[in-house]
Every structure is written in structure tokens, then in C-alpha cells.
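As C-alpha cells, the structure follows; a few thoughts come after it.
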Amino acid sequence: MAVIRDLNKDKMDVVEGSYAVAHSVKVCKPNVISAYPITPQTHIVEDLSQFIADGEIPNCEYINVESEFSALSALVGSSAVGARCYSATTSQGLELMHEVLFNVSGMRLPIVMTIANRAVSAPINIWNDQQDSISQRDTGWIQLYAEDLQEASDMHAQAYKIAEDKDVMLPVMACMDGFILSHVYEPLVLLEQDLVDEYLPPYEPEYKLDPKNPMTFGSFADPECYTEFRYLQQKAMDNALGKVEEAANDFYKTFGRYYGGLIDEYETEDAEIILMAMGSVIGTIKETIDKLRAKGVKVGLLKVRAFRPFPVEAIRNAIKNAKVVVAIDKNISLGLNEGALFTETKASLYNTSIDVPVIGRMIGHGGRDIPLSTIEKIIDDAVNVMKSGISVESQYADLKEELL
Amino acid sequence: MNFLFKSGHRGCAGCCDAMVAKFTLMAAGENCIVVSPTGCLEVMTTPYPESAWGVPWIHSLFENAASVASGIEAALKAMGKDDTKVVAIGGDGGTIDIGMRAISGAFERGHDITYVCIDNEAYMNTGVQRSGATPYDASTTTSPAGAISFGNKRPKKDMPAIMAAHGAPYIATTSLGYPKDMIKKIKKAIDVEGPTYIHAHAPCTTGWGFDSSKTVEVAKLAVQTGLWPLYEMENGEITSVKKIGKQKKPVEDYLKMQRRFKHLFTKEGGDEELKKIQAIADENIVKFGLE
Ligand SMILES: Cc1ncc(C[n+]2csc(CCOP(=O)(O)OP(=O)(O)O)c2C)c(N)n1
Ligand SMILES: [Mg+2]
């Protein structure tokens, strides 16, 4: 159960989500920041640029690259030299990075990158969904999804802690819903420098490019050895399962704030219906649950914080006693008509003794608003599954038939 | 002599990439970090778990070597280790075609890096396909000579001029025919602060089709015919030129040694084409004052 803040202890500021993230990055003391502007990520990199201009981030270079492709490519070099590195992007920018994403994870470079989640073109659309990062799920990056500004902000310290762990050494995408989290002002606790210094040790890579001890990075691997590189990346992802939990627990100990580890649960104990989701929609779902609980509907929420590594065991445990599960997705796999959380949750239950019906509902694509009524409609669907079984396994829950 | 670029790599006998790499490290010395894009050099020097690189070396992708070099330079600066030199070395394709965005960005930003382009005039690693550096009428696997074609239809992209337009403080063309000149220029490029560019003409025995003992000879002929002028540019001005004077040779001497131009000597109309290539050399001779 999330512990957001200790009101008696914490000093709160009212800031924009992007500013909070930029501040978090600053206190994590990066050596190189390299990014290219794209809505709705821009405020983060503008704020960081201002910090640099004001001399507030010592021993740090900001590279004003000519593209996202170069933003991440530059960090390949920086990280290989042993620098702590940061970037931020979204949507088209993230898609442009695709080739570099594999390269970063394959070279085991623990870069942290904020994704201000946004829909992808065409049609061009600058508003929020999660198609951009979900489409990069197989690139070997850890993916964490934040529920609100405080979590998005705090997640960056956790991200570095996980990424740079010697048993992990994988890059992390800290995903926050574009506009909904990036552009909203909320009272929050800005990540505390003194506590971060306690929580996050300086980055000391085991291997780096150093003339005193020359090493070769990014070599050519033939069929004799390629598989083993991939296997070791998967091993690191397995290790990350524990490290995501550990980073959240340690964070709680140091800062007194907690948002769940791989997952978090809300009202699931006796829940017949469990909704699963990632990102800012969690808030809307919690509110809907409160409303329906008052009417006696036994509904709960499974918040998925880590989409990669996918928390198979944690999900199984959380939903095994439910009567129906609904996975909510702000993405679609075209040609399958399913969102990724739905597909992967179903796959996680197959070959087990857990026999819970799972349905998928896609909502909020291209920034479509998600009112409580959309969530209520989804819960109605779930009630119907309990009564009479699954009629429609996966579909949009907020489609405007009149536009078709 | 103990070279920083080690023998035992998988390059062809007479490989031009290996020679340029070796000379580059002779010029750079131990305190450097090298970046290479995907290409022959990368593939032949780093079959895991072996490496021919006696200095720290990194390969990321085909089109981003200049960006990776920028990141290394920035990181070294941030961490107070900026006495280490950063050198990118890669093929013509990775540099002037697919790597154009990256190198343009890196030079515009003014990073203190040296970029060495090994111009073997095609995509050799993937089987001799045409690049923007392939010369007029060269037959490659994607610009083959045929019944109605004399091969590549376009002249070489003038990359040094493009880099000069970026305001690079030092640019030089070099050739494997003149190794001492090459090493001297690379050394100078590394010593000059800011982004510097070396364009190294590098005949490829396999792709161009000549005997593997003739790499240097072919390279010399490109210079002596005027087809590959050697010059230095400092802050946009040409400051030195290698005169060819009495040595000037007809382009046929250079072209006839190479399989990729064979059709010019066997196909009807070849004479006319040879005249056009001679005109390219003559223009260079006037433009750069090579005589
Ligand atoms: C994005 C991308 N496109 C294409 C390739 C395939 N590819 C690898 S090396 C290469 C050609 C390299 O040519 P060049 O840069 O001239 O180097 P050379 O091998 O000739 O020394 C190509 C086309 C690739 N690796 N990546
Ligand atoms: Mg080439």
C-alpha cells in the first residue's frame, strides 16, 4: 500500500511535474545530460538547461544534440566512459531512438531516461497514451510507470539505484504520462539532496573506457557467443525483479515514501473484481473504486509499476483469488486487438492452476479523457463476466461509434 | 615495433582500413579513446573475444560514431579527464552518408574530437555497394556497369568542403600512398582544439579489384593523376597543397589497375567516359593549384 508522504514531516512545494523531475535529476548528480526537445517532454529539459546555466549541477555537461538519435548515441559514449547519464524523450523521439535502445541495453549501460508518454503518429497527436514506450518493450530497458507527480519525481532516484546495481546494469525508462503528469502542478516534496546522497552511491562502473586499462566495447559476436549475451541480459532482468523491490523499500526507509515495488495493491484483499493498470489512470481508478466500494461492489486495483521486467509472480499472487481481472491499456497491438498488459497478464496465468477470467479494455488513446464513467463502464463489463462469462475479451471501452 | 593497432585481425591482405587505423593510432598515442561505426574496420578488428585495439575502443552503430564521440568528449570534460583525446575512425558510408546527421551535429557543436574517414569509396563490409563517395563510373554491386550503364552516375560528394562549411578549424585530405603525410596530418588534427576532420583516401583491394600488394601504388596514382588532391584547410582556408607537378599522370594509369573501371576499357563508348574522368582530374588540378 502506498505511503505518499508524511504531512507532519515533509516540506511541500507546488511545482510542475516536469520541474519536479528535473530537480530529481539534478540531485542525482548526472555527469552528462543529452536530449532533444519534444512535447510534452520539453519542460524537463528546459528546466535542466536552466539549472546548468545557473551553475546548479556541478561536473555536468549538457549536450544540445541535433536529434534524439544522437541524444542517446552520445550517452552511449558518455556512459561507457563511466559518466552518470540522463536523457528524456517521448513518442516520435523515442521511436527514432529505437536502434540505439537495443545498443544501450546490449552494452549494459545504466542510462536513465524519462519518457513523458505520448501517442505516436500517424495521425500526429501530442497527447498522452503509452504506445510509445510499450512499443519498445523488447529493447532490454527496464520500464517503470509512475502514478502521480511525487512518484514520478522520486522514481528517478530509484531508477539510478536499480540501473547501476552491479547485478543489473541495465538502462531504465522512468515513464510518466505526458501532460497529465508532466504539465500538472501539485504539492509535492522535492527530492531531498541530503537523503539522495545517502540513498544513491556515486556511479562506479566495473568496466569503462579508460586509457589506463584499454577495453573493447561493442564488439562483433558471432553465432558461437551471441546467445549468451542475450541470456545474460535476461538474467539481469531477472535480478532486477528483486532490485526494483529493494530500491522501493530502501527508498521508503530513507525518505518515508512508498508507491509499491514491482506492483502495488489497493483494496484487493477481498476483491472479486481486480482492475490492472499503469500510470496516471491509477488515480482515477482509485477514486472509482472508493465510489463503488461505498455501494458494496468488491472491486480492487493492481497497480503495475514495472512493466519490464514483467512481474509475473507478483501479478499471479495478487489476482489469484479474484473472480475476474480487467487489464486496462493505453496501447494496442494492432493485428491482435489487445493491449500489452492484457496479453502479458493472460500469458502469465497460462500453465498455472490459477483459473481467473481476464478481459482487456483499451482506453485513453491519443489523450482521450478518462472520466470515472469510463472506469465504471469497465467495471460493469467485469460484473457481467462474473454473471455470465466473457462476451468480449478485448476491446476499446471509449470508442465513439458515431465517428466511424 | 609494438603498435597500438595489433596484428592478427581479420582484414584482407593489403587492407586499407587496417593501414589507416594503424597510422591513426601511431599519431594518437596511448592516451586516447577511439570510436568506430559499423563497417569493415569494426567487424574485422573485434570478433569477440578478440580485439586488435590496444587503446580503449567502442563501436555502437553504423550512423552514430560522431555522436558517441561527442558523448565521450563531454563526459571526459565533465569528469575532469580532458587530456584524453577522442578519435572517431570509420568508413565513407558511416561518415558521409548515413552518419551525416551525427557528424554535422558534432562539428556544429564544436566538440574537441578528431574524425578520420577511411574513404574506400563504397560500402565494403556489405559487399561493395555504392556510397556517396563512390567515384564517377565505378562499377559497384549496386551501381554495376551493364549494357546501358557505365556504373556509378555521380561524382564523389565533397565531404571536406562540407566539413569546412561547419567551421572546423582543421581539415586535411590524406592518402595511403603517403603514410608519413597521413600520420603528420592526423597528429596535427588531434593537437588542434575543436572538431577536426581527416579524409583518408584508402584503396580497397577486394572492392576495387587490384592485387593486394598494390594498395599503396594505387593510392599514389590517385594523387598523381589529380583525382585525389592532398591539401590542408585551416579555418576554412586552404593552407597547403601537395603539388604533383611533373609527376602528373593520365587517369588511365590509375583506372586500368582496377577491376571496377575495367568496363571503361572494354565497352563501346569507354573512351568518352575516360575523357570525362580526365576532366574531373584536370578540374582538381586547376582548383587546388596542384601543378
Ligand atoms: C542502420 C544500418 N543500415 C545498414 C547497415 C548495414 N551495413 C553495415 S556496414 C555497411 C557499410 C559500411 O560501409 P563504410 O562505412 O563505407 O565502411 P567500409 O566497410 O567500406 O569500410 C552497411 C551498409 C547497418 N549495419 N546499419
Ligand atoms: Mg567504405
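Descriptive notes on the structure:
- Residue count for segment B:88-113, restricted to those that are over 24 Å from A:ASN59 (Cβ atoms) and away from ligand 2 (no atom under 16 Å from the Cβ): 5
- Residue selected from segment B:126-147 under the condition touching a strand residue (DSSP E or B) at 6+ places or on another chain (Cβ under 7 Å) and assigned to a loop (DSSP other than H, G, I, E, B), by the criterion farthest from ligand 1 (Cβ to nearest atom): B:ASP137
- Any chance B:LYS184 is more than 16 Å from ligand 2 (Cβ to nearest atom) and open to solvent by 20 Å² or more (accessible area, probe 1.4 Å): yes
- Positions within segment A:336-350 being among the aromatic types (Phe, Trp, Tyr) and open to solvent by 10 Å² or more (accessible area, probe 1.4 Å), in sequence order: A:TYR350
- Selected residue (only one of A:MET155, A:MET169 is open to solvent by less than 70 Å² (accessible area, probe 1.4 Å) and assigned to a helix (DSSP H, G or I)): A:MET155
- Residue count for segment A:167-226, restricted to those that are facing chain B (nearest Cβ under 9 Å) and under 24 Å from the mean Cα position of the chain (by Cα): 0
- For segment B:241-288, the helices (runs of 4 or more DSSP H) that sit wholly inside it and include 2 or more residues that are open to solvent by less than 40 Å² (accessible area, probe 1.4 Å) and of a type in the set (A, V, I, L, M) are B:251-255, B:270-287.
- Any hit, segment B:140-163, residues being buried (at least 22 other Cβ atoms within 10 Å of the Cβ), within 12 Å of ligand 2 (Cβ to nearest atom) and either touching a residue at least 60 places away in the same chain (Cβ under 8 Å) or more than 14 Å from chain A (Cβ to nearest Cβ) (or both): yes
- Number of residues in segment A:310-327 that are in contact with a strand residue (DSSP E or B) (Cβ under 7 Å, 6 or more places away or on another chain) and either of a type in the set (Phe, Trp, Tyr) or open to solvent by less than 10 Å² (accessible area, probe 1.4 Å) (or both): the value is 7.
Condition check ((1) open to solvent by 20 Å² or more (accessible area, probe 1.4 Å); (2) at pLDDT 95 or above; (3) touching a helix residue (DSSP H, G or I) at 6+ places or on another chain (Cβ under 7 Å)) across all residues:
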position: B:PRO179; (1), (2), (3): yes, yes, yes
position: B:LYS188; (1), (2), (3): yes, yes, no
position: B:PRO195; (1), (2), (3): no, yes, yes
position: B:ILE198; (1), (2), (3): no, yes, yes
position: B:CYS204; (1), (2), (3): no, yes, yes
position: B:GLY207; (1), (2), (3): no, yes, no
position: B:SER212; (1), (2), (3): yes, yes, yes
position: B:ALA219; (1), (2), (3): no, yes, no
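- One residue alone among B:THR174, B:THR215, B:THR196, B:THR205 is among the polar types (S, T, N, Q) and more than 16 Å from ligand 2 (Cβ to nearest atom), and that residue is B:THR196.
- If you go through segment A:231-279 and pick out every residue that is over 16 Å from A:ALA314 (Cβ atoms) and among the β-branched types (Val, Ile, Thr), you end up with 2.
- From the options A:SER373, A:SER353, A:SER333, residue that is without any contact (Cβ under 8 Å) to a residue 24 or more places away in the chain, under 20 Å from the mean Cα position of the chain (by Cα) and open to solvent by 10 Å² or more (accessible area, probe 1.4 Å): A:SER333
- Pair list, Cβ < 6 Å and 6+ apart or interchain, from segment B:17-32 residues that are away from chain A (no Cβ under 14 Å) and touching a residue at least 24 places away in the same chain (Cβ under 8 Å) to residues that are open to solvent by 20 Å² or more (accessible area, probe 1.4 Å) and away from ligand 1 (no atom under 16 Å from the Cβ): B:PHE23/B:PRO179; B:PHE23/B:ILE183; B:MET26/B:ILE183; B:ALA27/B:ILE183; B:ALA27/B:LYS187
- Listed by position, the strands (runs of 3 or more DSSP E) inside segment A:49-139 whose residues that are in contact with a Pro (Cβ under 6 Å, 6 or more places away or on another chain), more than 25 Å from A:GLN234 (Cα to Cα) and open to solvent by 30 Å² or more (accessible area, probe 1.4 Å) number at least 2 form an empty set.
- A Cβ distance below 7 Å, combined with a sequence gap of six or more or placement on separate chains, defines the contacts here; from segment B:77-106, residues that are under 15 Å from B:ASP119 (Cβ atoms) reach residues that are assigned to a strand (DSSP E or B) and away from ligand 2 (no atom under 16 Å from the Cβ) in the pairs B:ALA88/B:VAL35; B:ILE89/B:VAL34.
- The set of residues in segment A:70-89 that are of a type in the set (Ser, Thr, Tyr) and either out of contact with any helix residue (DSSP H, G or I) (no Cβ under 6 Å at 6 or more places or on another chain) or within 8 Å of chain B (Cβ to nearest Cβ) (or both) comprises A:SER70, A:SER73, A:SER78, A:SER79.
- B:ASP92 meets all of the listed conditions (1) within 14 Å of A:VAL100 (Cβ to Cβ); (2) in contact with a Cys (Cβ under 9 Å, 6 or more places away or on another chain) but one, namely (1).
- Options A:TYR252, A:TYR258; residue that is under 18 Å from the mean Cα position of the chain (by Cα), over 19 Å from A:THR139 (Cα atoms), surrounded by fewer than 23 Cβ atoms within 10 Å (Cβ to Cβ) and more than 14 Å from every other protein chain (Cβ to nearest Cβ): A:TYR258
- Between A:ASP177, A:ASP148, the distinction of being touching a residue at least 40 places away in the same chain (Cβ under 8 Å) and surrounded by fewer than 24 Cβ atoms within 10 Å (Cβ to Cβ) belongs to A:ASP148 only.
The values are calculated or read from the model by the stated rules, or taken from the named source; none is laboratory data. Everything numeric in this text was worked out from a predicted model, so none of it was measured. All Cβ positions, glycine included, derive from the backbone under ideal geometry; neighbour counts span all protein chains shown. Ligands, DNA and RNA are stripped out before the accessible areas are found, and what is left, the full protein with its side chains, is counted by its heavy atoms. Shrake-Rupley method; radii C 1.70, N 1.55, O 1.52, S 1.80 Å.
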